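In what follows, a structure is listed as structure tokens, so that the remarks can point back to it.
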Amino acid sequence: MAVKPDNAVGTAPTPLANPGAQNAGRRAALLEAAARVLDGNRYIQGPEVAAFETEFAAYVGVPHAVGVANGTEALALALRALGVEPGDEVLTIANAGAPIPAAIRMAGAVPRYVDTEPHHHTLDPGAIDAAIGPRTRAILVVHLYGHPAAVDAIVRIGAARGIPVVEDCAQAHGARWRGQRAGSFGAASCFSFYPTKNLGAVGDGGLVATPDAAVAAKLRLLREYGWDAERRSVAAGWNSRLDEMQAAMLRIKLRDLDADNARRRAIAARYRAALGSSVRVLDVHPEAEPVYHLFVVETDRREALLAHLKAQGVLGGIHYPFPVHQMEPWRPAAPVSLPCTERACQRVVSLPMYPELGNAEIDRVIAAVRSFHP
Ligand SMILES: *Cc1c(COP(=O)(O)O)cnc(C)c1O
């Protein structure tokens, strides 16, 4: 990664994320990999996808990985591969954006929302038992902002009721919980390679990892029309393929993922040490090694903070402004009250966070936050 020198604060505002800086720092290697794909004349599900699947499975520490078109379809296909059917329910949270309910609906199921816990805004294990109903077929846990949820406890609760857990690792590539990688706990785990994620393609991409060979085989069917070796459909799949060009780009960037995540943690430490008390910084669980997809703070006066930051050349963001249980397309049949979720959605603000962010720019963000008086 190409971190800016300490004195380089330009006149341009500091963005929230910066995939351009990331790609610029690896330009030669990315172009070489792109040329290899062009010269190989294979564009879909060829050697690059196969190699990336093997390399990424080893990185996560699971035996099987299946490349797919994007993170949303990774979730939908994982649910389908685990046997979720029309009319089933999937337990999940409502503060992680539209992809979650969209994927559950793509699988034919409906979301059943449970509340989050107040420290990390991840799924509250204590809320699961009461929410399980006769049609609950899966629990979808999101490692939100790159901080792992209490996934081992959630897997235990699910196992006691015969319900598999799907991990959404779209913000948590490389994160660890009790020393073990996020994505290696559940029956299936889903990754997005959207350009701004911790591991980002130069377009769309996604992947499902699983410890179970049968689930992997089902995923390989489902991602391509349910075709068997003779192109006879034996399951109602669709087209959700990862392409060779994206896999080639991802193989280059995977080499630097741990270093990039370490830099994100160093940026977070610098923020944490200096931000002061005008905002609340989200806690880190002692058993978690987060990867800071986003660096999130909380305030009662969010609009004022965002305007103040903007005036100081700092572009903040909100992840996510509206809980999905209150959005028309994703609303549950019976109204549900989720106090922790709703409070979080009104208060969260994301500060700039990407590995190439220089220390002088971090300090500008810190100064901007410290000069905000709520
Ligand atoms: C980005 C994201 C997704 C969706 O991934 P896409 O590749 O954009 O479809 C799903 N879940 C979470 C938590 C995400 O951050």
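Odds and ends about this structure:
- Scattering from region 280-374 was approximated by placing one identical point on each alpha carbon and applying the Debye formula without solvent; log10 I(q)/I(0) at 0.10, 0.11, 0.22, 0.23 1/Å stands at -0.34, -0.40, -1.16, -1.21.
- Rounded, prolate or oblate (a/c below 1.5 giving rounded, otherwise prolate when a/b exceeds b/c) for region 208-263 by Cα gyration tensor: prolate
- Diffusion constant of region 183-302 at 10 °C, which comes from Stokes-Einstein with the Kirkwood Cα-pair radius and 1.306 mPa s, µm²/s: 91 µm²/s
- If the chain linking Ala35 and Arg255 were pulled fully straight, counting 0.36 nm for each residue of separation and taking away their Cα-Cα distance, it would gain 77.3 nm.
- Projected over every direction and averaged, the convex hull enclosing the alpha-carbon atoms of region 1-121 yields 12.1 nm².
- Global geometry of region 88-145, whether rounded, prolate or oblate, following the gyration tensor of its Cα atoms and the 1.5 cut on a/c: oblate
- Fully extending the segment from Gln346 to Asp283, taken as 0.36 nm per residue of separation minus the present Cα-Cα distance, adds 20.9 nm.
- In region 38-138, the trypsin sites (Lys or Arg not before Pro) that fall in loop regions by DSSP, at most 14 other Cβ within 10 Å: Arg42, Arg135
- Calculation over all alpha carbon pairs of region 40-181 in 5 angstrom steps from 0 returns a P(r) of 2, 10, 18, 22, 20, 14, 8, 4, 2, 1, 0 percent.
- Placing pseudo-labels 7 Å out from each Cα toward the beta carbon at Trp238 and Ile318 gives an inter-label distance of 2.9 nm.
- Its alpha carbons give the chain an Rg and a Dmax of 20.5, 67 Å.
- Pairs of alpha carbons in region 126-175 whose separation is greater than 17 Å (percent): 34 percent
- Across region 274-289, the residues whose backbone nitrogen lies under 12 Å from the label position 7 Å along the beta-carbon direction of Ala153 are 285-287.
- Added length on full extension, which subtracts the Cα-Cα distance from 0.36 nm per residue, Ala58 to Arg105: 13.9 nm
- Each residue, Ala130 and Gln326, gets one label point 7 Å from its Cα in the Cβ direction; the gap between the two is 2.1 nm.
- Placing a label point 7 Å from the Cα of Ala160 along the Cα-to-Cβ direction, the residues of region 120-137 whose backbone N falls under 13 Å from that point are 125-132.
- Most fluctuating residue given options Ala187, Ala153, Ala170, as computed from a GNM of the chain linking Cα atoms under 10 Å: Ala153
- Using the Cβ-Cβ distance between Ala304 and Ala262 with R0 set to 41 Å, the FRET efficiency from 1/(1 + (r/R0)^6) comes to roughly 0.75.
- Given charges at beta-carbon only (K, R positive; D, E negative), |dipole| of the chain in Debye: 360 debye
Here, each number is a calculation from the coordinates, and none is a lab measurement. Since this is a predicted model, take the numbers as computed values, not measurements. Neighbour counts are summed over all protein chains in view; Cβ atoms, including those assigned to glycine, are modelled from backbone coordinates with ideal geometry.
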